[in-house]
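Everything on this sheet refers to the single structure shown next.
The values are calculated or read from the model by the stated rules, or taken from the named source; none is laboratory data. None of these values were measured; they are calculated from a predicted model. Quick reminder, even Gly has a Cβ in these numbers, built from the backbone with ideal geometry, and neighbours come from all protein chains shown.
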Amino acid sequence: MTEGQLANVNETLIFKGAAMLADWIQEQRTTHRPEGCRLPRRMRKRLEPWFEIETLQIARVRVVPFIMPPAFVPTLLNGADMAFEKMKGLALIDTILVTDPRPRPDLLFHEVVHVAQYRRLGLKRFAEAYVRGLLSARLSYGANPMELRAFMLQDLFTQGSVRPFCVDAHSLPGDELDEPKPGPPTQ
């Protein structure tokens, strides 16, 4: 197979995988959103210096016993290191699933980073970036650029050594963090 043919196969896989992922995300969001609750007031206050108010207002959290993997993962992403059985949280556009009724602040922060990513990209572009990232990371969840960015921002939040800044403006891989914009005003 030539390099051009291989590139076409990869793009086809990305396109199909992103479409399947987007459909699954929308379906799961539709299922879980009605049972979701707003972020707890104390948590919203803690996150306000880091996110746009609208991001925090649209986020809903639902406690589930476990995170159900998409049916297509074994066939489409055979060999992907996704470990759904170990996942403690998952963002579905503006709805966050958590397996612990009292989720840690750093977990909620991480998932709200993904809510900000969805707001910036929209569902289809988010799904494409996620699938493209998985492929570029050789199917490793932890090496996916979308996850790396969320984990890096989560670490800044957890360490508390950095002045808060607006994560919404820096939630995507490639966004510069050298000169973060100040966060939204706290009330």
* So Gln187 clears everything in (1) modelled with pLDDT of 95 or more; (2) exposed (fewer than 15 other Cβ atoms within 10 Å of the Cβ); (3) within 18 Å of Glu48 (Cα to Cα) except one condition, right? Which one? -> (1)
* Hey, can you tell me all the residues within segment 161-176 that are among the polar types (S, T, N, Q) and over 15 Å from the mean Cα position of the chain (by Cα)? => Ser161
* Asked: Based on what the data block shows, is Asp106 modelled with pLDDT of 95 or more and part of a loop (DSSP other than H, G, I, E, B)?
  -> no
* So which of Gly79, Gly133, Gly89, Gly142 is modelled with pLDDT of 95 or more and of a type in the set (Gly, Ala, Ser)? -> Gly89
* Would you check which residues across segment 1-19 are surrounded by 11 or more Cβ atoms within 10 Å (Cβ to Cβ) and modelled with pLDDT of 60 or more and list them? => Asn10, Glu11, Leu13, Ile14, Phe15, Lys16, Gly17, Ala18, Ala19
* Based on what the data block shows, is Gly174 out of contact with any His (no Cβ under 9 Å at 6 or more places or on another chain), at pLDDT below 95 and not in a loop (DSSP other than H, G, I, E, B)? -> no
* Just checking, how many residues over segment 122-146 are buried (at least 17 other Cβ atoms within 10 Å of the Cβ) and part of a helix (DSSP H, G or I)? -> 13
* Go through segment 34-45 residue by residue and tally those that are in a helix (DSSP H, G or I) and surrounded by fewer than 17 Cβ atoms within 10 Å (Cβ to Cβ). => 5
* Of the residues that make up segment 20-33, is at least one surrounded by 13 or more Cβ atoms within 10 Å (Cβ to Cβ), in contact with a Lys or Arg (Cβ under 6 Å, 6 or more places away or on another chain), more than 18 Å from Asp94 (Cα to Cα) and at pLDDT below 95? -> no
* Please list, ordered by first then second residue, the pairs with beta carbon atoms under 6 Å, 6 or more apart or interchain, first in segment 27-54 and within 18 Å of His114 (Cβ to Cβ), second assigned to a helix (DSSP H, G or I) and among the acidic types (Asp, Glu). => Phe51/Asp168; Glu52/Asp168
* So Arg60, is it out of contact with any Phe, Trp or Tyr (no Cβ under 6 Å at 6 or more places or on another chain), modelled with pLDDT of 95 or more and surrounded by fewer than 16 Cβ atoms within 10 Å (Cβ to Cβ) -> no
